[in-house]
Structures are given as structure tokens and as C-alpha cells.
1. Give me the mean projected area, in nm² to one decimal, of the convex hull enclosing the Cα positions of the chain.
2. Would you calculate, for the chain, the mean residue ellipticity at 222 nm contributed by helices, counting each DSSP H stretch of 4 or more residues as -39,500 (n - 2.57) and dividing by all residues, to the nearest 500?
3. Quick one: Karplus J couplings for the range 123-129, per residue in order, coefficients 6.51, -1.76, 1.60, θ = phi - 60°, nearest Hz, x for Gly and Pro?
4. Ignoring ligands, DNA and RNA, please state the percent of accessible area on the chain from carbon and sulfur, probe 1.4 Å.
5. Quick one: if the Förster radius is 22 Å, what FRET efficiency do Lys72 and Ala46 give, using the C-beta to C-beta distance and rounding to 0.05?
6. State, to one decimal in nm, how far the label point of Arg115 lies from the label point of Ser27, with both points 7 Å from Cα in the Cβ direction.
7. Express in nm, to one decimal, how much length is gained between Trp79 and Leu17 on full extension, taking 0.36 nm for each residue of separation and deducting their alpha carbon distance.
8. Which aspartates and glutamates, if any, have their Cα less than 19 Å from the Cα of Lys120, not counting same-chain residues under 8 positions apart?
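The values are calculated or read from the model by the stated rules, or taken from the named source; none is laboratory data. On a predicted model such as this, the values are computed, not experimentally measured, just so you know. Cβ: placed from backbone, ideal geometry, glycine included. Neighbour counts: every protein chain shown. Note: areas computed on protein heavy atoms with side chains; ligands, DNA, RNA excluded. Shrake-Rupley method; radii C 1.70, N 1.55, O 1.52, S 1.80 Å.
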Amino acid sequence: MKLVGNVLNLTTALGVLVGVIGRAKFSRGPRGLFYATGYRLGFPVASAFTLGNLVLTKNDRAYFDRRPLLVKHEERHSWQYFCLLGLPMLPLYALAAGWSWLRTGCPASRNPFERLASLKDGNYIEHPVQPLGQTLAQTFSGLRSRRKGQ
């Protein structure tokens, strides 16, 4: 059901396109997932990420074989794509990551998609909530310090 849904909602096709552009090698994973390993693009900055039923990583296949909890985390994301009818998940995820970053300095800690997929299984560290705006102030302060140091 999820596999067919994510093919029909075009998210798995988008994942295949991204994997081809990133020169990844494709293989079958468990429970309707597919892997794209050896992904060579630097975006997004993550050990693994999911588009539809395709999980992409710069690592090799053994990386997933040694991390069954990470595979379950990524599989939960594939269900999120299915439940949100595919492509709408992308802007919703970006908004959630931005909100989480504003609140914690981490795009995952307060991101409901990551929390529902299990932060721990995704190898995320939960960061405490900061006063609104503190992350921006710290970021701009760090940018100014770097400019002065150049």
C-alpha cells in the first residue's frame, strides 16, 4: 500500500531522480524501501534522508545493515510521505525544520516529523528550547565574529 502510494504521489520518482543526479547505486531494502547508496551530492547534510520509499545516503549498503533503528526511522518518514499525499511533505518538512532551528538551533529537535520518526532512532540529540530569537542572535553574532577574524 505505502509503496504503491509513494510511487503514485511521485515522491519515490523524485527520490530516484535525486539519486541518479547524485550518482547513487540502487538496491532493495526491507518492507518496501529501496536504498540509494554512494550518493555524492552534499545536500542535504544528513547521514541518510528519505524521499518517498527511497532512502539515500553517501554511505554503502552495509551502513544500513548495521543500523536497523535508523532504517526504521527512515521507514517512518516514508509513511509520512504516504499520509501527506507525497510532495506536500517537502515544504511542510522545511517549515518544521526552520521552526525547530529557531527554537533550538537544531533542525530536528522540535521538528514534528523527526519527533514522530523517533529522534533517538534517527541519531539526533534533543536540544533544549531557547527563547525565541536567541538562535538568530547567536547566528548573527557568530557571523560578525567570523568577518572580523578574516
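1. Over all viewing directions, the chain projects a mean Cα-hull area of 9.9 nm².
2. Counting only the DSSP helices, I get -15500 deg cm²/dmol.
3. Per-residue couplings from phi come out as 6, 9, 9, 7, 9, x, 6 Hz.
4. Ligands and nucleic acids excluded, carbon and sulfur give 66 percent.
5. 0.85
6. 3.6
7. 20.3 nm
8. Qualifying aspartates and glutamates at Cα under 19 Å: Asp65, Glu74, Glu75.
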